1. Need the full-extension length gain, ALA32 to THR12, defined as separation in residues times 0.36 nm minus the C-alpha distance. One decimal, nm.
2. Under a Cβ-Cβ cut-off of 13 Å, what is the net charge of the residues other than ARG38 that fall near it, where Lys and Arg count +1 and Asp and Glu count -1?
3. Give me the net charge for the shell around LEU47: Cβ to Cβ below 9 angstrom, other residues only, Lys and Arg +1, Asp and Glu -1.
4. Please tell me the relative contact order of the chain in percent, rounded to the nearest whole number, where contacts are Cα pairs under 8 Å and at least six residues apart.
5. Using a cut-off of 9 Å between beta-carbons, work out the net charge of the residues near LEU13 (Lys and Arg +1, Asp and Glu -1, LEU13 not included).
6. How far apart, in nanometres, would the label points at HIS56 and LEU42 be if each is projected 7 angstrom from Cα along the Cα-to-Cβ direction?
Amino acid sequence: MTTATRSRNMLTLAEVCEELSISRSTFYDWRAKRRAPRCIKLPNGDLRIRRSDLDHWLDDREDAA
């Protein structure tokens, strides 16, 4: 997998927050409560979220109404 392909599959925290229309503090609150999608913590402390993990997390929260 090329770096360009990998970067498209990995979202920054800002991208995830924008997509979900939430603040960064809300995401960190969900993460502390173990309600956020799986994250990868990079050596510099930044978080990345795999596109597949975010999609799976969203699917799990789909309302069956």
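No lab work stands behind these numbers, since they all come straight from the coordinates. Bear in mind that the values here come from a model prediction, so they are computed numbers and not experimental data. FYI the Cβ positions are ideal-geometry reconstructions off the backbone, even for glycines, and counts take in every protein chain you see.
1. Details: separation 20, 0.36 × 20 = 7.20 nm, distance 1.78 nm.
Separation in residues times 0.36 nm, less the Cα-Cα distance, equals 5.4 nm.
2. Details: positive: ARG31, ARG34, ARG35, LYS41, ARG48, ARG50, ARG51; negative: ASP53, ASP55, ASP60.
Cβ neighbours under 13 Å give a net charge of +4.
3. Numbers: positive: ARG31, LYS41, ARG48; negative: ASP46.
Here the charged neighbours net out to +2.
4. On the way: 45 pairs, mean separation 21.6, N = 65.
In percent, rounded to a whole number, it is 33.
5. Working: positive: ARG24, ARG48; negative: GLU15, ASP46.
Spelling it out: positives minus negatives among the neighbours equals 0.
6. Between HIS56 and LEU42, the simple spin-label model gives 2.2 nm.
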